[in-house]
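The values are calculated or read from the model by the stated rules, or taken from the named source; none is laboratory data. These numbers were taken from a predicted model, which means no experiment stands behind them. Ideal geometry is used to build each Cβ from the backbone, glycine not excepted, and the neighbour counts take in all protein chains shown.
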Amino acid sequence: MLSRCLTLIILWGIGLNAFAIPNADLMSNLRSRLHPYKAGGTLIKSFTNHSQSYIYDQALAVIAFSKHGDKKSAQGLLLSLSKLQKTDGSLYFSYYLNGQSPYPTEGDKRYAGAIAWVALAAITYQSEFKSKDFLNFNSKVLKYLASEMKATTIEGKKLKAIRFAPSNIKTTAWDESETAALEHNLDAYAAFIHFAQINNDRRWNKNANELKEFILTM
């Protein structure tokens, strides 16, 4: 039975390799989606059938370009995000390629998880290129995330967790401002702890430890 399982695993692995898309093709596709942003930098087109850029996609593209040594492309994406950043450090969930956003008209969609991924992208850029170009930008992102940590109680235990969003979105059946998603708190925990490590900045360890306690309780 075990040998049969091993054979199946090997065949499955060979199948994956046979259908794998070369990294060069994937990176070329990402570059083809980059669009200049008038205020500076670039935005990446998230889908082929409409002109919108989600900050989660923007963040993942920064990580991909950084890991492949493409500083120019990663830098352009982070530059546009820094131009779009609100004064409190936050970002809307998505933007059109001209920099405008469907929000807050369609709701105050500033989702914590997506914003945390922007922080992780900036940390990756800093790590890969030994650059502090976006250190101030990322510090503002983390300050915003820290401000969204609210008191909660689970099974009588008092904790702190980052809420889903700062305002309730009327189009949903639940209140985002009164909800904490485990996924979002994992994202933010990673952002706090990695930023603290790479910058030797211990002030973020408190936030990371509080989120860790919430995560483990969940």
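The figures follow:
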item: Segment 169-199, residues that are at pLDDT 95 or above and of a type in the set (S, T, N, Q); result: Ser177, Thr179, Asn185, Gln197, Asn199
item: Among (1) among the charged types (D, E, K, R); (2) touching a Phe, Trp or Tyr at 6+ places or on another chain (Cβ under 8 Å); (3) farther than 24 Å from Ile215 by Cβ, the one test that Glu128 misses; result: (2)
item: Considering residues of segment 82-105 that are buried (at least 19 other Cβ atoms within 10 Å of the Cβ) and of a type in the set (Phe, Trp, Tyr) only, the residue farthest from the chain's Cα centre (by Cα); result: Tyr95
item: Residue match in segment 184-202 (condition: exposed (fewer than 13 other Cβ atoms within 10 Å of the Cβ) and out of contact with any helix residue (DSSP H, G or I) (no Cβ under 9 Å at 6 or more places or on another chain)); result: yes
item: Exclusive hit being of a type in the set (S, T, N, Q), over 24 Å from Lys206 (Cβ atoms) and out of contact with any strand residue (DSSP E or B) (no Cβ under 6 Å at 6 or more places or on another chain), set Ser139, Ser66, Ser147, Ser101; result: Ser66
item: Top-ranked residue in segment 34-60 [being within 18 Å of Tyr125 (Cα to Cα) and under 15 Å from the mean Cα position of the chain (by Cα); ranked as surrounded by the most Cβ atoms within 10 Å (Cβ to Cβ)]; result: Leu43
item: Cβ-Cβ under 9 Å pairs, at least 6 apart or on other chains, segment 194-218 side over 16 Å from Val141 (Cα atoms), far side acidic (Asp, Glu); result: Thr217/Glu155
item: Single match in Ser73, Ser46 (criterion: modelled with pLDDT of 95 or more, within 19 Å of Ala114 (Cβ to Cβ) and among the polar types (S, T, N, Q)); result: Ser46
item: Cβ pairs under 7 Å, 6+ apart, first in segment 175-187 and farther than 11 Å from Ile215 by Cβ, second of a type in the set (Val, Ile, Thr); result: Glu176/Ile169
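This table checks each residue for (1) over 21 Å from Ala146 (Cα atoms); (2) crowded, with 22+ Cβ neighbours inside 10 Å.
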position: Val62; (1), (2): yes, yes
position: Gly69; (1), (2): yes, no
position: Ser80; (1), (2): yes, yes
position: Gly107; (1), (2): yes, no
position: Ala122; (1), (2): no, yes
position: Tyr125; (1), (2): yes, yes
position: Glu128; (1), (2): yes, no
